[in-house]
Amino acid sequence: MEVIRSAAEMQKKSFAFIRESKTIGFVPTMGFFHEGHVALMEQARRENDLVITSIFVNPLQFGPNEDYERYPRNEANDLALAADAGVDLVFIPSAAEMYPAKMLISLTIEERANVLCGRTRPGHFEGVLTVLAKLFHLIQPTKAYFGMKDAQQFSVVSALVDNLNFPVQLIAVPTVRESDGLAKSSRNVNLDEKERKEAVSLYKALQHGRQLVVDGEKNPAIIVKEVKEQIASQLNGKMDYVELWSYPALEPVSVIDRQVILAIAVQFEKARLIDNLVFDERGCIGSQIR
């Protein structure tokens, strides 16, 4: 497995792969790998000639009061896990390498970013779009893989690809969970023992909301109310939001008659956790995001 830290070298290498008619599976990450990241890499390995992953904690997507400096990092462990997953090349640029001068062009998104996490994280998705546009240009992937734990990010990135005609296929990979249902996250290490036990209630509440739809409930307000009540009764963390939107458009719905996302965010003392379920009007979780 090769490690590259230069943007120019990365792009040169990618163009060489393309000239050889190699398909490239790309997994963009901020590092501190867990089973969720590994699942993305393993799926990319099955579907492409070459697998490239990037490790870059992108400063543009962190707000002034967010945890950029505290974001966990462990490059040695990341490289070991990537090698075990069959990754061919890891791109690990510095912030100065990715942003050698002040950015004169900014990417904004008019819809999809002003709900859920985007509502309280101004500038976050602009930072995501900017770094992914740069990474897509540098790596020229055939397919790019994203976990559905951050389903809003997948929605926003799909808008980037569709609107600007990036020649890459986005692949949504189901959320990888702990045995008790908690979504795998690099931030889980910041939970204390009590918070870790309480955090399981997020997924249980999502399952309850989906079951209401399975049982015939079509009113989003009723579903959100019941999910909020269940979470409030089971944890002390601050509830950021419980929301239900159409997916992937992230538009309001007055009745559940299409694919939707039920999403949760909770702030614990040192970690903000998010989780979601995407399902159709019957409550069925499909294998494809449509």
statement: For the stretch 82-98, the count of residues that are farther than 16 Å from Phe26 by Cβ and buried (at least 19 other Cβ atoms within 10 Å of the Cβ) equals 0
field: Verdict on Ala183 being farther than 18 Å from Pro248 by Cα and free of Cβ contacts under 8 Å to residues at least 24 places away in the same chain
entry: no
- request: Please state which one of Val38, Val57, Val51, Val3 is in contact with a strand residue (DSSP E or B) (Cβ under 8 Å, 6 or more places away or on another chain) and surrounded by 13 or more Cβ atoms within 10 Å (Cβ to Cβ).
  value: Val51
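Of the residues that make up the stretch 209-223, is at least one modelled with pLDDT of 95 or more, closer than 17 Å to Met148 by Cα and in a helix (DSSP H, G or I)?
Checking the stretch 209-223: at least one residue is modelled with pLDDT of 95 or more, closer than 17 Å to Met148 by Cα and in a helix (DSSP H, G or I).
Inside the stretch 252-268, can you point out the residues that are in a loop (DSSP other than H, G, I, E, B), surrounded by 13 or more Cβ atoms within 10 Å (Cβ to Cβ) and within 22 Å of the chain's Cα centre (by Cα)? Walk me through how you get there before you give the answer.
Taking the stretch 252-268 and keeping what is in a loop (DSSP other than H, G, I, E, B), we get 252-259, 268.
Filter once more, so that each one left must be surrounded by 13 or more Cβ atoms within 10 Å (Cβ to Cβ): 253, 256, 258-259, 268.
Gln259, Phe268, listed by residue number.
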- prompt: Would it be correct to say that Glu178 is among the charged types (D, E, K, R) and in the same structural domain as His34 (by TED's automatic domain parsing)?
  reply: no
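The rows are residues; the columns are (1) farther than 24 Å from Phe17 by Cβ; (2) out of contact with any Pro (no Cβ under 6 Å at 6 or more places or on another chain); (3) touching a residue at least 40 places away in the same chain (Cβ under 8 Å).
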| position | (1), (2), (3) |
| --- | --- |
| Ser155 | yes, no, yes |
| Ala159 | yes, yes, yes |
| Val168 | no, no, yes |
| Val173 | no, yes, yes |
| Arg196 | yes, yes, no |
| Glu217 | yes, yes, no |
| Lys225 | yes, yes, no |
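Kindly evaluate Val227 against the criterion of being of a type in the set (Val, Ile, Thr), assigned to a helix (DSSP H, G or I) and farther than 30 Å from Pro28 by Cβ. Working first, answer last.
Details: of a type in the set (Val, Ile, Thr): yes; assigned to a helix (DSSP H, G or I): yes; farther than 30 Å from Pro28 by Cβ: yes.
Yes, satisfied.
With the condition kept exactly as written, say whether any residue in the stretch 43-66 is among the aromatic types (Phe, Trp, Tyr) and within 16 Å of Val128 (Cα to Cα). Talk me through it step by step, then tell me what you get.
Here is the first cut: in the stretch 43-66, the residues among the aromatic types (Phe, Trp, Tyr) are 56, 62.
Next, only the ones that are within 16 Å of Val128 (Cα to Cα) stay: 56, 62.
Yes, the conditions are met somewhere in the stretch 43-66.
Which one is surrounded by the fewest Cβ atoms within 10 Å (Cβ to Cβ) among residues in the stretch 237-250 that are part of a loop (DSSP other than H, G, I, E, B) and out of contact with any Asp or Glu (no Cβ under 8 Å at 6 or more places or on another chain)?
First, pick out the residues of the stretch 237-250 that are part of a loop (DSSP other than H, G, I, E, B): 237, 247-250.
Narrowing further to those that are out of contact with any Asp or Glu (no Cβ under 8 Å at 6 or more places or on another chain): 247-248.
Values: Tyr247: 26, Pro248: 21.
Among them, the one singled out is Pro248.
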- prompt: Of all residues in the stretch 227-250, how many are in contact (Cβ under 8 Å) with a residue 40 or more places away in the chain and of a type in the set (D, E, K, R)?
  reply: 2
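Restricting attention to the stretch 13-35, and to residues there that are of a type in the set (Lys, Arg) and surrounded by 13 or more Cβ atoms within 10 Å (Cβ to Cβ), which single residue is nearest to Gly86 (Cα to Cα)? Please lay out each step first, then the result.
First, pick out the residues of the stretch 13-35 that are of a type in the set (Lys, Arg): 13, 19, 22.
So of that shortlist, the ones also surrounded by 13 or more Cβ atoms within 10 Å (Cβ to Cβ) come out as 13, 22.
Details: Lys13: 18, Lys22: 16 Å.
The residue in question is Lys22.
The values are calculated or read from the model by the stated rules, or taken from the named source; none is laboratory data. All values reported here derive from a predicted model rather than from experimental measurement. Quick reminder, even Gly has a Cβ in these numbers, built from the backbone with ideal geometry, and neighbours come from all protein chains shown.
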